[in-house]
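Presented below is the structure to which this report refers.
Just so it is clear, none of the values below were taken in a lab; they were calculated from the coordinates. Computed from a prediction, not measured in an experiment: that's the story for all the values here. For neighbour counting, all protein chains shown are included, and Cβ atoms are generated from backbone atoms with ideal geometry for every residue, glycine included.
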Amino acid sequence: MLQTSNPKNDSIQIFVKDRLYPRSEAKVSVFDSSVQGGDAVWEGLRVYPEGIVCLDKHLTRLQESAKTLAFEDIPSKEFIKRAIRQTLEANGMSDETHIRLTLTRGEKITSGMDPRLNQSGSCLIVLAEWKPLVYDNNSGIKVISTSQRRNAPQFLDSKIHHNNLLNNIIAKIQANVAGKDAGLMLDDRGFVAELNGSNLFMIKEGKVFTPYTHACLPGITRATVLELCHQNNIQVFEQDITLSQIYNADGVFATGTMGELTPIVEIDGRPVPKTDKHMITLIKLFKDKIRDYCEPLQG
Ligand code: PMP
C-alpha cells in the first residue's frame, strides 16, 4: 500500500521552532541535526473530534527519548500542546488528521556529529496532514520477514523513538521488493520483534500474545490493546514468539497510530485467517473505545 498525496495538504500551515509557515516555506537548516545525523526524535499522533489519542503518553515518550539522547532544552508539554493547537486551528483540522511531531537537536554552528555544536536550542516541528488510517483494515495486509534485524539494546535501544530510521527503512525496502505491505523484523536472537512501522500481536486458542519490547518500540497502541485485554478478561501474554508460532496463529494483527489495528492475512506466503472471533472482538473493542482515549488540547 503506497500512500498518495492529498491536494488538501498542498496549502497546510506547519509549525517550525516558534511559528507557523506555509508548506512551501516550512524548512529546517542544512545545519540541522536531523540532516546532519538523523539526530531527532518523533511521534505520530491521531486527531479525532474528541481530541488526540493518548496525547500525554506520546508527549512523555517524546520527552523521554530526547532525554535519553541528552537533548538540552526539551520543550515542556504545555509548549508542545500550544504549538499543536495553533497548527490544528490554522488548518481547521479536527478529524481525519495525522500529526508528525518531530523534535530535532537543532541547528549546528558547523557540520559535524558533536552535540556541543548545537548552540541555538532544539527545534520542534508540528506537521499536521489530512490523512485517514493508512491501511485498509478490512482487507488486511501481507508481510514478509526480512534479513534486516530490529535493533536490540546492545546496539541502539528500540525504546528511543528516534529519526534514525534506516534499520526499519531497509526492512521496508525488502518488503517492497517482494511486493508485500510491510517487513516483519526479527530480533538479534531470531524471535519476532515487530513490523517495520508497527507492533505485532497474535491469537492462538483465544489467548493473545505479543513480543516483549526488548527489540521493538513500546507502542502506545500496543499498550492500549494490552489494557483493553486486561479490562475485558482476555488472556494476554508478552513472550518470545518464533516465526513458526506466528505462521500457525489463529489470527495476527499489527498495531500503530497510523493504521490502528490491522489484520495480517499473509506471512512469508503462508495465509493467516482473519476470521478468528477473538481477533474480531478485540478489533471491534478497540474501535468502540478509541475515542475514550482522546485528550482535548486545553488552555
Ligand atoms: N513500531 C515502530 C517501529 C513504529 O515506528 C511505530 C510508530 N511510531 C510503532 C511501532 C507503533 O507505535 P504507536 O502505537 O505508538 O504509534
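Show the residues, 5+ positions off or on another chain, whose built amide H is closer than 5 Å to the amide H of residue 184. When sequence neighbours closer than 5 places are left aside, the close amide H contacts are 144, 145, 146. Here is the list for region 181-251: trypsin sites (Lys or Arg not before Pro) lying in DSSP coil, each with at most 15 other C-beta atoms within 10 angstrom of its C-beta, are 189.
Charging the Cβ of each Asp and Glu at -1 and of each Lys and Arg at +1, and nothing else, the dipole of the chain about its Cα centre rounds to 160 debye.
Going 7 Å from the Cα of residue 166 along its beta-carbon direction, which residues of region 85-129 have the amide nitrogen within less than 13 Å of the resulting point? The answer is none, because no backbone nitrogen lies closer than 13 Å to the label point. Taking label positions 7 Å along the Cα-Cβ direction at both residue 30 and residue 235, the computed distance is 6.1 nm, reported to one decimal.
Karplus-derived 3J(HN,Hα) values for region 223-236, using 6.51 cos²θ - 1.76 cosθ + 1.60 with θ = phi - 60°, are 5, 5, 5, 4, 5, 5, 4, 4, 5, 10, 6, 9, 5, 9 Hz; glycine and proline are entered as x.
On the beta carbon distance between residue 298 and residue 227, with R0 = 25 Å, the FRET formula returns roughly 0.60. Set the Cα radius of gyration of the chain against 2.2 N^0.38 Å, with N its number of residues, and you get 1.01. With R₀ set to 30 Å, the beta-carbon distance separating residue 245 from residue 94 gives a calculated FRET efficiency near 0.10. Its Cα centre serving as origin, region 153-299 has a Cβ charge dipole (Lys and Arg +1, Asp and Glu -1) of approximately 260 debye. Would you be so kind as to identify which of 71, 34, 219 lies farthest towards the positive end of the dipole of the chain, taking Lys and Arg as +1 and Asp and Glu as -1 on Cβ and the Cα centre as origin? In the chain, that residue is 34. Amide H contacts under 5 Å for residue 216: none, restricted to partners 5 or more places along the chain or on a different chain, H placed in the peptide plane at 1.01 Å from N.
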